[in-house]
Amino acid sequence: MKSRHRVFTLLLAVTFLLSACGTAIPLEDAKEINEAALPEAPITEESPVEEQAVMTEETTPVVAVSEDARGEASLMVEDPAWYSIPLTDARTGQSFSIAELKGKVVLVETMAMWCSNCLKQQGQVKVLHEKLGDQEDFVGIGLDIDPNEKADALRSYVETNGFTWLYAVSPPEVSQEISVLYGPQFLNPPSTPIVIIDRKGEAHPLPFGIKSAEALYQAIEPFLNEGR
């Protein structure tokens, strides 16, 4: 009898233990455990837009155009068309153009052979050339803008007066553009118009009227000193 009672007690204990081991975990507790145990999901193409934007900012290099570069580009200006038009030296018959003289300082005087003021002004230009001496980076040009005057007569005029710099009869398209760029007074020889073209090709018109050799030198000297 005692043996049977011990067996029954033992069976009850085993049953109690088995039921204690099989106790269920509430649903909410299980969810918290599962979420804590899961690893972080990697960012993929299906990730939220905000997350992808952050990744792009960190990994994509940004190329910016500098302000200086933009400014330099905006300052680029083409030379006037008349710089490239061929001119013929009345003394030698050789062809030249203003564009070929880029990097030098060029004095251009629009003139006519009948103009007495022009002759006086060219006398001062002659003194200027003598003062400067033989400088390869300075060029003087007398540009005859009277359409009725010819190269043969201009050559005789130049040789008679002992002018040793370049002289040419201005083609109509050159005279027209000079008038448009610098004013119609540049086609009025008695005003003794002169323009200085610097080493970069920028034109600097001088005041009208006869200018002394010293005044011309003072106007030209700063441009001659550039780049030396």
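Taken together, the values in this text are just the output of simple stated rules run on the coordinates, not laboratory data. Because the structure is a prediction, the values reported are computed rather than measured. So basically every Cβ, Gly included, is an ideal-geometry build from the backbone, and we count neighbours across all protein chains shown.
Here are some notes:
- Shape of the stretch 81-225, Cα gyration tensor, a/c cut at 1.5: rounded
- Computed from label points 7 Å out along Cα-Cβ, the spacing between residue 150 and residue 117 is 2.9 nm.
- Residue exposure proxy: 160, 110, 92, 192, ordered by other Cβ atoms within 10 angstrom of their Cβ from fewest to most, comes out as 160, 92, 192, 110.
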